[in-house]
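In what follows, a single structure is set out as structure tokens and then discussed.
The values are calculated or read from the model by the stated rules, or taken from the named source; none is laboratory data. Because the structure is a prediction, the values reported are computed rather than measured. Positions of Cβ are backbone-derived with ideal geometry, glycine not excepted, and every protein chain shown enters the neighbour counts. Note: areas computed on protein heavy atoms with side chains; ligands, DNA, RNA excluded. Shrake-Rupley method; radii C 1.70, N 1.55, O 1.52, S 1.80 Å.
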Amino acid sequence: MLTNSSPRTGPRFVRPVTVAAIVTVLGLALALAAGNSGNSADAAKSKSTVLGGATTMQDPLCPERCQVVPTVSGIQKLLPTGTSPYRATANGKITAWKLWLGKPSAEDRAALNARFGSPPQAAITVLKPVRTKRGTKFKLRSKSPVEGLNRELGGIATFRLKKPLRIRTGNYVALSVPTWAPAFADGLGSQYAWRASRQPGMCGPGSIDQARSQLKVGSTRFYACNFKGSRLLFTAKLKFDR
């Protein structure tokens, strides 16, 4: 069953007493901060930076209190270092990315596979914000290969891109999950928030099965649901142009 948890928490994986664990997701309001103190102008003067790498990475919640990112793309919009930590402050290329992964129990994994598809998978994407009459959408400029995660569960997965992703000033790097990925931390307080690729008004737990990750180059999508107090556990290495 799906719990009616507060919209301030993240996608939650709950294990009932006699039933396999299930996932619930929360919702977000559209709001994009302009600044990016975690990705400062000083970083742009160097040869490279790690987007999302300026703060300590939390441990994934699986397996003890297993929560996952299910069938969605997400932009981390707030970390203790400031707003928009995955926004490029200069032109360059994304050359590699990392993913911190929990290891669900066999029971939880079976339930997740049945609900969201198998195997667990993830990719990163480069998004350009586009203003429309209905609000800001994000256009997918490029994407990495979708990586299977079964062998990576319980560790830190590093993916070096044979074909780096071009990124321009003001673009964002997002995590895209076509099935599910245990790369999630929650209960982190007001200095953490991320936004999900869901339509306005589709942010409640009952909309989980209608959510889809954004993986088609050239597509535009609202990221209208805001998850407060939680974090997507990934980083991306940005090499600046010269």
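Observations
- Single condition Val126 does not satisfy, out of (1) crowded, with 18+ Cβ neighbours inside 10 Å; (2) in contact (Cβ under 8 Å) with a residue 60 or more places away in the chain: (2)
- Residue that is modelled with the lowest pLDDT [pool: residues in the stretch 190-240 that are closer than 23 Å to Lys133 by Cα, out of contact with any Pro (no Cβ under 9 Å at 6 or more places or on another chain) and polar (S, T, N, Q)]: Gln199
- Strands (runs of 3 or more DSSP E) wholly inside the stretch 186-242 containing at least 3 residues that are closer than 20 Å to Ser144 by Cα and touching a residue at least 24 places away in the same chain (Cβ under 8 Å): 234-240
- Looking only at residues of the stretch 193-209 that are out of contact with any Gly (no Cβ under 9 Å at 6 or more places or on another chain) and not hydrophobic (A, V, I, L, M, F, W, C), we find that the one that is surrounded by the most Cβ atoms within 10 Å (Cβ to Cβ) is Gln199.
One line per residue, one yes/no per condition, for (1) among the aliphatic types (A, V, I, L, M); (2) open to solvent by 40 Å² or more (accessible area, probe 1.4 Å); (3) in contact with a Pro (Cβ under 8 Å, 6 or more places away or on another chain); (4) closer than 20 Å to Gln121 by Cβ:
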residue	(1), (2), (3), (4)
Leu51	yes, no, yes, no
Pro60	no, no, yes, yes
Arg65	no, yes, no, no
Thr71	no, no, yes, yes
Gln76	no, no, yes, yes
Tyr86	no, no, no, yes
Lys93	no, yes, yes, no
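- Residue that is nearest to Ser73 (Cα to Cα) [pool: residues in the stretch 95-113 that are in contact (Cβ under 8 Å) with a residue 12 or more places away in the chain and open to solvent by 80 Å² or more (accessible area, probe 1.4 Å)]: Lys98
- Flag: Gly170 matches the condition of being in a loop (DSSP other than H, G, I, E, B) and open to solvent by less than 40 Å² (accessible area, probe 1.4 Å).
- Residues in the stretch 33-54 that are modelled with pLDDT of 90 or more, at negative phi and not in a strand (DSSP E or B): Lys47, Gly53.
Here is a yes/no grid of residues against (1) on the phi > 0 side of the Ramachandran plot; (2) β-branched (Val, Ile, Thr); (3) within 17 Å of the chain's Cα centre (by Cα); (4) open to solvent by 20 Å² or more (accessible area, probe 1.4 Å):
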{"site": "Lys137", "(1), (2), (3), (4)": "no, no, yes, yes"}
{"site": "Val146", "(1), (2), (3), (4)": "no, yes, yes, yes"}
{"site": "Trp180", "(1), (2), (3), (4)": "no, no, yes, no"}
{"site": "Gln191", "(1), (2), (3), (4)": "no, no, yes, yes"}
{"site": "Ala211", "(1), (2), (3), (4)": "no, no, yes, no"}
{"site": "Phe222", "(1), (2), (3), (4)": "no, no, yes, no"}
{"site": "Leu233", "(1), (2), (3), (4)": "no, no, yes, no"}
